[in-house]
Amino acid sequence: MERIYLDNAATTRVRPEAAEAALRAMTEIYGNASSVHAFGREAKKALEKARAQVAALIGAKKEEIYFTAGGSEADNWALKGAAHALCGKGRHIVTTAVEHHAVLHTCKALEKEGFEVTYLPVDEYGRVTAEQVEKALRPDTILVSVMAANNEVGTLEPIAEIGAVCRAHNVLFHTDAVQAVGHVALDVGAMPIDLLSLSGHKFYAPKGAGALYIRTGVRIQNLIEGGAQERGRRAGTENLPAIAAMGEAAACIAAEMEEENARLTRLRDKLISGLLSRIPETRLNGHPTQRLPGNVNVSIRYIEGEALLLSLDMAGIAASSGSACTSGSLDPSHVLLAMGLPHEIAHGSLRLTLGRETTEEEIDRVLEELPRIAQRLRAMSPLYDDSRR
Ligand SMILES: *Cc1c(COP(=O)(O)O)cnc(C)c1O
């Protein structure tokens with residue numbers, strides 16, 4: 001049986017161009033980029049090439065890209081670094097209820113240090129508005145952090161408008177763009193964004209490399225202290241294999257983005273409409289159009305998400321219920337609850353995330369298997385039975 005991978009929001013398969021770059025960095029360009037000899041100079045050159053490639057993907061200048069060990073570190077650095085640099089000015093931060101835990105748990109940690117955080121509610125689609133952000137601003141607000149695209153339901157947030165509000169009020173704006181980078185067009189040169197987090201393994205590079213974009217002139221405190229790497233702002237010998245791979249993956253996905261987005265959007269919409277029409281009492285979670293090209297998230301009433309996942313896994317289909325970080329716990333997703341879904345429906349949610357290797361044949365197979373599985377599980381469900389009486 002051919003397995004079908006529909007969990008690209010959790011992580012992606014490394015693309016061949018990226019794997020090749022990583023292998024070369026491990027076996028040939030293996031010097032330390034801080035060394036002065038030829039080996040070191042070659043490593044430095046590869047590092048700077050990757051920096052230019054990542055910068056080009058988001059419209060940044062090369063000097064505005066700082067490599068990190070991934071999206072979580074970039075989020076932690078942006079929030080803690082900005083909070084600690086600006087605490088003399090104020091101690092209030094604005095974010096949303098639907099952020100990734102890398103942002104939410106960092107906010108919780110900052111609250112313990114005495115910062116005050118406003119968690120903006122979202123509408124039924126998981127969206128916040130620029131007006132909401134503007135109303136939440138106070139004289140002591142130092143930072144706003146709103147994600148570009150939600151990792152569970154795929155909803156795109158209006159970050160250009162939110163950034164404009166922040167700019168007008170002279171407040172720093174950070175966006176966790178880990179799900180968006182490489183998948184939707186982003187241009188920090190044209191958008192009022194001060195800090196942006198990205199992560200390579202969400203766009204076909206290896207795990208363990210990401211970056212924080214820091215706009216020229218923005219000062220935040222360091223998170224990792226040590227050597228003078230990354231112009232003294234992020235210490236630690238650079239993870240060149242993963243970084244070089246991320247650079248290649250960035251260059252590849254930038255070249256393909258338009259065509260690939262159109263392809264994935266078509267497959268996504270085929271999967272959504274197929275599931276909604278074939279499985280009664282199923283709803284789409286997240287915005288119908290303002291969503292990531294590869295994201296499908298549905299709630300199938302009367303069925304536990306976990307039961308669905310197990311049955312799909314046995315059929316060779318890899319999916320997710322909410323985010324990978326919360327699966328394993330039985331708590332319903334904080335994102336779906338914030339969107340106002342009742343507990344029993346939030347429990348029955350299923351996320352299918354498409355990627356560059358997803359084919360139409362795979363979508364067809366899911367459209368055959370999933371309704372069958374749902375019907376079988378419902379036949380065994382006491383909840384479903386009760387609702388029929
Ligand atoms: C995956 C993800 C992260 C964390 O990135 P890592 O590189 O896995 O640490 C942060 N935010 C969002 C929205 C994500 O999807």
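Whenever you get a sec, compute what percent of the accessible area on the chain sits on carbon and sulfur atoms (1.4 Å probe). Mind dumping the intermediate values first?
Numbers: 8920 of 16450 Å².
That share works out to 54 percent.
Convert 20 °C to kelvin, take the viscosity as 1.002 mPa s, use the Kirkwood radius over C-alpha pairs of the stretch 20-146 as Rh, and evaluate the Stokes-Einstein diffusion coefficient in µm²/s, rounded to a whole number. The calculation lands on 124 µm²/s. Between their Cα atoms, which of Lys89/Lys112; Lys62/Lys89; Lys108/Lys202 are more than 28 Å away from each other? Lys62/Lys89, as the Cα separations exceed 28 Å there.
Return the percentage of antiparallel bridges among DSSP beta bridges fully within the chain, rounded to the nearest 5 %. Could the numbers behind the result be given before it?
Details: 20 of 38 bridges.
Restricted to the chain, the bridges split so that about 55 percent are antiparallel.
Summing Lys, Arg as +1 and Asp, Glu as -1, what charge do residues with Cβ under 12 Å from the Cβ of Leu336 carry, Leu336 excluded? Present the calculation step by step, with values, prior to reporting the outcome.
Numbers: positive: Arg283, Arg351; negative: Glu124, Glu152, Asp331, Glu344.
Local charge sum for Leu336: -2.
Report, in debye and to the nearest 20, how large the dipole of the chain comes out about its Cα centre when Lys and Arg carry +1 and Asp and Glu carry -1 on their Cβ.
Numbers: 43 positive and 50 negative charges, 119 e Å.
Charge dipole of the chain: 580 debye, to the nearest 20.
Calculated from DSSP H runs of 4 or more alone, at -39500 (n - 2.57) each and per residue, what is the 222 nm mean residue ellipticity of the chain, nearest 500? Write out the running numbers ahead of the final one.
Numbers: 13 runs with 169 residues, N = 389.
Computed mean residue ellipticity for the chain: -14000 deg cm²/dmol.
At 1.4 Å probe radius, can you tell me the per residue accessible area of the stretch 16-252 in Å²? If you can, show how the numbers build up before the last one.
On the way: 9080 Å² over 237 residues.
Dividing the accessible area of the stretch 16-252 by its residue count gives 38 Å².
If you plug the beta carbon distance of Arg138 and Lys62 into 1/(1 + (r/R0)^6) with R0 = 30 Å, you get a FRET efficiency near 0.25.
Inter-part distance, the stretch 86-132 to the stretch 3-58, computed on C-alpha centroids, equals 33 Å.
About the centre of its Cα atoms, the stretch 1-150 shows a dipole size close to 500 debye [charges on the beta carbon of Lys, Arg (+1) and Asp, Glu (-1) only; nearest 20 debye]. So if we plug the beta-carbon distance of Ala190 and Leu310 into 1/(1 + (r/R0)^6) with R0 = 51 Å, what FRET efficiency do we get, rounded to 0.05? So, using R0 = 51 Å, E works out to roughly 0.65.
I need the fraction of alpha carbon pairs in the stretch 205-274 separated by more than 16 Å, rounded to a whole percent. Mind dumping the intermediate values first?
Working: 1602 of 2415 pairs.
Here the tail beyond 16 Å accounts for 66 percent of pairs.
The length gained on full extension between Asp123 and Ser34, counted as 0.36 nm times the residue separation minus their Cα-Cα distance, comes to 27.2 nm. In the stretch 16-252, a dipole from Cβ-located charges (positive for Lys and Arg, negative for Asp and Glu) runs towards its positive end, and of Ala244, Ala136, Gly200 it is Ala244 whose Cα lies farthest in that direction. Summarising the overall dimensions of the chain from its C-alpha atoms, the Rg and Dmax are 21.5, 79 angstrom.
Not counting the cut sites, what is the longest span of the chain without GluC sites (Glu not before Pro) that DSSP labels loop and that have at most 16 other Cβ atoms within 10 Å? Please report the intermediate quantities before stating the final value.
Values: sites that count: Glu2, Glu28, Glu113, Glu124, Glu225, Glu281, Glu357.
Answer - 125-224.
Here r is the Cβ-Cβ distance between Arg167 and Ser381 and R0 is 56 Å; the resulting FRET efficiency, rounded to 0.05, is 0.65. The residues packed around Asn222, meaning those with a beta-carbon under 13 Å from its beta-carbon, carry a net charge of +2 if Lys and Arg are +1 and Asp and Glu are -1.
Between the Cα long axis of helix 16-27 and the first principal axis of the chain there is an angle of about 40°, rounded to the nearest 10. If the chain linking Ala109 and Glu281 were pulled fully straight, counting 0.36 nm for each residue of separation and taking away their Cα-Cα distance, it would gain 57.9 nm. Angle check, please: helix 305-314 long axis (alpha carbons) against the longest principal axis of the chain (alpha carbons), in degrees 0 to 90, nearest 10. Long axis of 305-314 versus the principal axis of the chain: about 90 degrees.
The values are calculated or read from the model by the stated rules, or taken from the named source; none is laboratory data. Predicted model, so just to flag it, every value in this text is computed and none were measured. All Cβ positions, glycine included, derive from the backbone under ideal geometry; neighbour counts span all protein chains shown. Side chains are part of the model used for accessible areas, which takes the heavy atoms of the whole protein and leaves out ligands, DNA and RNA. Shrake-Rupley method; radii C 1.70, N 1.55, O 1.52, S 1.80 Å.
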